[in-house]
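Here's the structure we're looking at; comments come further down.
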Amino acid sequence: IYTLSLHDALPISGSGKTTVLVLRALRHVLVDRIPPERIMITTFTRKAAKEIRTRLIEWGTPLFAAAFGEAEAGDDPAMLSFLAGVDVNRFVTGTLDGLCEEALSGARQPDERPLVVVEAFAANQMLARRGEVWAELQRVGQPFDNYLALYSFGGAPPRTLGDRVRIVRALVDRLVQDEVDLGGYIAPGPHQPARLAIREIHDRYVAHLRATGQMDFAMLERLFLEAILAGRVPDLVDGLGAMLVDEYQDTNPLQERIYLGLARTTGASLTVVGDDDQSLYRFRGATIELFRDFRDRAADALGGRPPRQLHLVENYRSTPEIVGFFNDFIVNDPDFVPARLQPPKPLIRANQETLGVPVLGMFRDSAEVLAADLAGFLHKIFREGGRPGDHLLAEPILPAENGGDFGDAVLIGHTVAEQTRGYMGTPPRRRLPSLLRGELAARGVACFNPRGRALKDIDEVGRALGLVLECLDPGDPGHDQGRIIEPMPITNTAKDAFRRWRGQARAFLNSDPAPALVRGPSLSTVVGRWRGVAGGRGSGTEWPLLDVLYSLLPWMPQFQDDPEHQVYLEAISRAAAQAATFSPYRSLVLRSEPHRTRSIEAIVRDVLAPVADDLVEVDEDVMPSVPRDRLNVMTIHQAKGLEFPLVVVDVASDYKTNSPKQRFRRFPDEPSAVALLEDDLAGCTPIGALRTRRDAMQRTFEDLIRLNYVAFSRPQSLLLLVGCVPCLRYETTIPHVATFWRRDRTWAWRTPVAGRRPPLANAIPFVTL
């Protein structure tokens, strides 16, 4: 590391990038004598930032103590004086958003309003309401939905308000992150009416945030950049001596301007680390080309010679068999080569010893059979002492001697949804995560997949929120929604969910459930008391919604005992808490009219209806750890940066035919929504020309290649690919990037490549179980 130049790029793949960042930061202190408070390290997630801070303290404390001892022994008064002022706790670490918020809050003038950054749920609620998304849909009509359909997964028109808001959010964020010329965006064209609607939504939303002294994360970064460009560098980052940036391949254009602007203004050295093969966040504005062309872009922006580029190619995570597999995958398609760093990077080298276990495959005729066999395989490993060697696999697979369990394994895939979405009368179909959950449950094993189902579809969530509705606005034979809720202008989706929730709640009440506590009133009594409060009876002037919800939980022990349900409860609680930033009654029930009715309406509109409209998302990161006896289920995006001894990758459990509805996930025949958006904005954003050097179909395939590469590079000891048999058959008509199909429709598993693989039956590069 000591040979790194002033501005450096470090392409890394499972090669200790966190270690590099931490040691480089410590090197800046001990060699360059830059105090920790003048060293900033940014990461992509709060979890990664916490990990880096932990390592800085754990490694820095003894290292600085040793340096102090050597300085004393060597009679180095200058070093002793410097180290006397070094505090290892003062490194500036965090996500870029978090550091922007901290810096701007510290730079606030006495007469300025305090900075309020709104989280995703509150921001989306304000976007939907203050941006008047629904009103624009009514005004523009079908052309508005047709425009949004361009940017939905699969190209289908959005079906719910939640779907529309998510797409509009992506568009509004891009207008900021890509620094779009708004005049150019609404220029005459086939989608001008819809674009004008997006512009109107953006303007109303931004105006509301500014008027209320609030901002979302995109606006926060924009304000921070404006301060830097104006020469008003906040104290937190003024006088920086060094900046280190993690996951630079997922940086967006606005963030790049912040980093380069800080380096230019403060004179700080800049080190970025990343891997262009692991860029997964194009849908959030990440621009892989910024990392690929970093040397030239940094030289142009900062002056001087181009940064030095170093490759870390030693992989300390995976066995040689796994490293060989993902090495073969990443170079499989010749059309992908120009999209990577140039000149070409060296292949990754395995630093771990072989365990004698090849990459494995488990493919069956149906997802149901696959779930049963996969559950049996996992149960044999973690509950029955391991899988012995046999004619298929010479080496046994054994759990770790120190107590291996299901927590050592993960099932990852393109999506963790436990069922497909019903459409046009077609009922939903259970997917592998749901089928596997059932098979493992029959064997006494649970899963952890809180994102597998929408909150509104979780039975216990529906029961709890149905009880809340019964407390606040009881239904009666003439008003099945309640007298207050029935006339409210909420979506039919929300009203249908409310009816279902009430039905679940009433059935639960009629069952006269026993509370977790031995003594106490019945659930019916508690509900009756809250009905009295909501009706204006009793003492006091106001009651928080969460008091109502939490008082009902003793009859629902899942919310205390089950990790998944604790995540669901956190999401509902967070929605209620964040509603205080935009809801007029701050999630409180008031006693006297007209505020009693209005406060209940506000709770329904701002907390309960968003859950019903699928606007509230869970955050499984709130769990510091998952019980070791549960199987993790994650999307590939969630698994990025993580590692597990055993990784099961679902490459084909949904694919038994070459259905057009599935092609965007495996072998697209049209550009992705994200690629289309980049093309759509190319003419009105400075970054457009750089992105579109590769056409939309190339970028679409490149994203799928990178997604599967990340999946294949997560395991330490064992990689198991699973799916349905048709994707492996010689006569298959189901092309799939994950099974080594190339964009030109040649298939590496069917045809030998430079003599390295035999053809046909023996071409599949793994052992099938």
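The values are calculated or read from the model by the stated rules, or taken from the named source; none is laboratory data. This one's a predicted model, so the numbers in the text were calculated from it and none came from an experiment. Neighbour counts run over all protein chains shown; Cβ positions are idealised from the backbone, glycine included. Protein only, heavy atoms only, side chains kept; ligands, DNA and RNA dropped before computing areas. Shrake-Rupley method; radii C 1.70, N 1.55, O 1.52, S 1.80 Å.
For the structure I just gave you, tell me whether H391 is of a type outside the set (S, T, N, Q), open to solvent by 70 Å² or more (accessible area, probe 1.4 Å), on the phi < 0 side of the Ramachandran plot and out of contact with any Pro (no Cβ under 9 Å at 6 or more places or on another chain).
Details: of a type outside the set (S, T, N, Q): yes; open to solvent by 70 Å² or more (accessible area, probe 1.4 Å): yes; on the phi < 0 side of the Ramachandran plot: yes; out of contact with any Pro (no Cβ under 9 Å at 6 or more places or on another chain): yes.
Considered against the rule, which asks whether it is of a type outside the set (S, T, N, Q), open to solvent by 70 Å² or more (accessible area, probe 1.4 Å), on the phi < 0 side of the Ramachandran plot and out of contact with any Pro (no Cβ under 9 Å at 6 or more places or on another chain), H391 comes out as yes.
Go through the range 414-429 and report how many residues are in contact with a helix residue (DSSP H, G or I) (Cβ under 8 Å, 6 or more places away or on another chain) and either part of a strand (DSSP E or B) or open to solvent by less than 20 Å² (accessible area, probe 1.4 Å) (or both).
3
Residues are listed down the side, and each one gets a yes or a no for (1) crowded, with 20+ Cβ neighbours inside 10 Å; (2) hydrophobic (A, V, I, L, M, F, W, C):
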| position | (1), (2) |
| --- | --- |
| A120 | no, yes |
| A128 | yes, yes |
| Q138 | no, no |
| P143 | no, no |
| N146 | no, no |
| S152 | no, no |
| G155 | no, no |
| T160 | no, no |
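Out of the residues in the range 582-628 that are small (G, A, S) and touching a strand residue (DSSP E or B) at 6+ places or on another chain (Cβ under 9 Å), state the one that is nearest to V567 (Cα to Cα). I'd like the intermediate steps shown before the answer.
Of the residues in the range 582-628, the ones small (G, A, S) are 583, 587, 592, 599, 602, 609, 612, 625.
With touching a strand residue (DSSP E or B) at 6+ places or on another chain (Cβ under 9 Å) added as a condition, the list becomes 587, 599, 602.
Numbers: S587: 20, S599: 27, A602: 24 Å.
This residue is S587.
Only one of P450, P433 is within 24 Å of S653 (Cα to Cα) and touching a strand residue (DSSP E or B) at 6+ places or on another chain (Cβ under 6 Å); which?
P433
Step by step: first the residues of the range 658-711, then only those that are within 20 Å of the chain's Cα centre (by Cα) and closer than 13 Å to P735 by Cβ, then the one that is least open to solvent (accessible area, probe 1.4 Å). Which residue is that?
Among them, the one singled out is L704.
Counting only residues that are among the hydroxyl-bearing types (S, T, Y) and outside any loop (DSSP other than H, G, I, E, B), which one in the range 202-249 is farthest from T266 (Cα to Cα)?
Y205
Just to be sure before I move on: is T635 surrounded by fewer than 19 Cβ atoms within 10 Å (Cβ to Cβ), under 30 Å from D276 (Cα atoms) and of a type in the set (V, I, T) in the structure I sent? Full working, then the answer.
Values: surrounded by fewer than 19 Cβ atoms within 10 Å (Cβ to Cβ): yes; under 30 Å from D276 (Cα atoms): yes; of a type in the set (V, I, T): yes.
Considered against the rule, which asks whether it is surrounded by fewer than 19 Cβ atoms within 10 Å (Cβ to Cβ), under 30 Å from D276 (Cα atoms) and of a type in the set (V, I, T), T635 comes out as yes.
State all residues of the range 577-598 that are among the small types (G, A, S) and in contact (Cβ under 8 Å) with a residue 40 or more places away in the chain; if no residue qualifies, say none.
The answer is A579, S587, S592.
Table: residues versus (1) on the phi < 0 side of the Ramachandran plot; (2) in contact with a Pro (Cβ under 7 Å, 6 or more places away or on another chain); (3) open to solvent by less than 30 Å² (accessible area, probe 1.4 Å).
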{"site": "S511", "(1), (2), (3)": "yes, no, no"}
{"site": "A514", "(1), (2), (3)": "yes, no, no"}
{"site": "R519", "(1), (2), (3)": "yes, no, no"}
{"site": "L523", "(1), (2), (3)": "yes, yes, yes"}
{"site": "V567", "(1), (2), (3)": "yes, yes, yes"}
{"site": "I600", "(1), (2), (3)": "yes, no, yes"}
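Only one of these conditions is not met by D75: (1) open to solvent by 50 Å² or more (accessible area, probe 1.4 Å); (2) within 24 Å of A230 (Cα to Cα). Which number is it?
Going through (1) open to solvent by 50 Å² or more (accessible area, probe 1.4 Å); (2) within 24 Å of A230 (Cα to Cα) one by one, D75 breaks only (2).
For a quick check of your reading: which strands (runs of 3 or more DSSP E) sit entirely within the range 573-672 and have at least 1 residues that are of a type in the set (V, I, T) and closer than 22 Å to P433 by Cα? Write out each step before concluding.
Numbers: elements: 588-590, 630-635, 644-652.
Of the strands (runs of 3 or more DSSP E) lying wholly inside the range 573-672, those with at least 1 residues that are of a type in the set (V, I, T) and closer than 22 Å to P433 by Cα span 630-635, 644-652.
Which fully enclosed helices (runs of 4 or more DSSP H) of the range 16-125 have 1 or more residues being free of Cβ contacts under 8 Å to residues at least 24 places away in the same chain, over 30 Å from Y316 (Cα atoms) and out of contact with any Ser or Thr (no Cβ under 8 Å at 6 or more places or on another chain)?
In the range 16-125, 46-73, 77-84, 96-106 are the helices (runs of 4 or more DSSP H) which contain 1 or more residues that are free of Cβ contacts under 8 Å to residues at least 24 places away in the same chain, over 30 Å from Y316 (Cα atoms) and out of contact with any Ser or Thr (no Cβ under 8 Å at 6 or more places or on another chain).
Which one of these is open to solvent by 20 Å² or more (accessible area, probe 1.4 Å), aliphatic (A, V, I, L, M), farther than 30 Å from N708 by Cα and at pLDDT below 90: L6, L63, L30?
When all the criteria are applied, what remains is L6.
Considering only residues that are surrounded by 22 or more Cβ atoms within 10 Å (Cβ to Cβ) and either more than 25 Å from the chain's Cα centre (by Cα) or not in a helix (DSSP H, G or I) (or both), which ones fall in the range 257-268?
Listed by number, the list holds a single entry, A268.
From the list V622, V647, V607, exactly one residue is over 30 Å from L398 (Cβ atoms) and crowded, with 22+ Cβ neighbours inside 10 Å. Which is it? Let's see the steps before the verdict.
Details: V622 fails: crowded, with 22+ Cβ neighbours inside 10 Å; V647 fails: over 30 Å from L398 (Cβ atoms).
Being over 30 Å from L398 (Cβ atoms) and crowded, with 22+ Cβ neighbours inside 10 Å holds for just one of V622, V647, V607, which is V607.
So that you can scan it fast, the table gives a plain yes or no per residue for (1) buried (at least 16 other Cβ atoms within 10 Å of the Cβ); (2) under 21 Å from the mean Cα position of the chain (by Cα); (3) assigned to a strand (DSSP E or B); (4) modelled with pLDDT of 85 or more:
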{"position": "N402", "(1), (2), (3), (4)": "no, no, no, no"}
{"position": "I412", "(1), (2), (3), (4)": "yes, yes, yes, yes"}
{"position": "P433", "(1), (2), (3), (4)": "yes, yes, no, yes"}
{"position": "A441", "(1), (2), (3), (4)": "no, no, no, yes"}
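Can you list residue pairs whose Cβ atoms sit under 9 Å apart, with the first residue in the range 299-322 being touching a residue at least 60 places away in the same chain (Cβ under 8 Å) and over 18 Å from V357 (Cβ atoms) and the second being of a type in the set (D, E) and surrounded by 16 or more Cβ atoms within 10 Å (Cβ to Cβ)? Count only pairs 6 or more apart in sequence or on different chains.
P307/D8; R308/D8; Q309/D8; L310/D8
Restricting the range 325-341 to residues that are not basic (K, R) and not in a helix (DSSP H, G or I), which is modelled with the lowest pLDDT?
Selected residue: L341.
Among the residues of the range 234-256, write down those that are farther than 20 Å from R24 by Cα and surrounded by 19 or more Cβ atoms within 10 Å (Cβ to Cβ).
D250, T251, N252, P253, L254, Q255, E256
Mind listing whichever residues of the range 170-200 are open to solvent by less than 30 Å² (accessible area, probe 1.4 Å) and closer than 29 Å to L99 by Cβ?
L171, V172, R174, L175, V176, Q177, D178, V180
Would you pick out the residues in the range 727-748 that are at pLDDT below 90 and either buried (at least 23 other Cβ atoms within 10 Å of the Cβ) or in a helix (DSSP H, G or I) (or both)?
Selection gives C727 alone.
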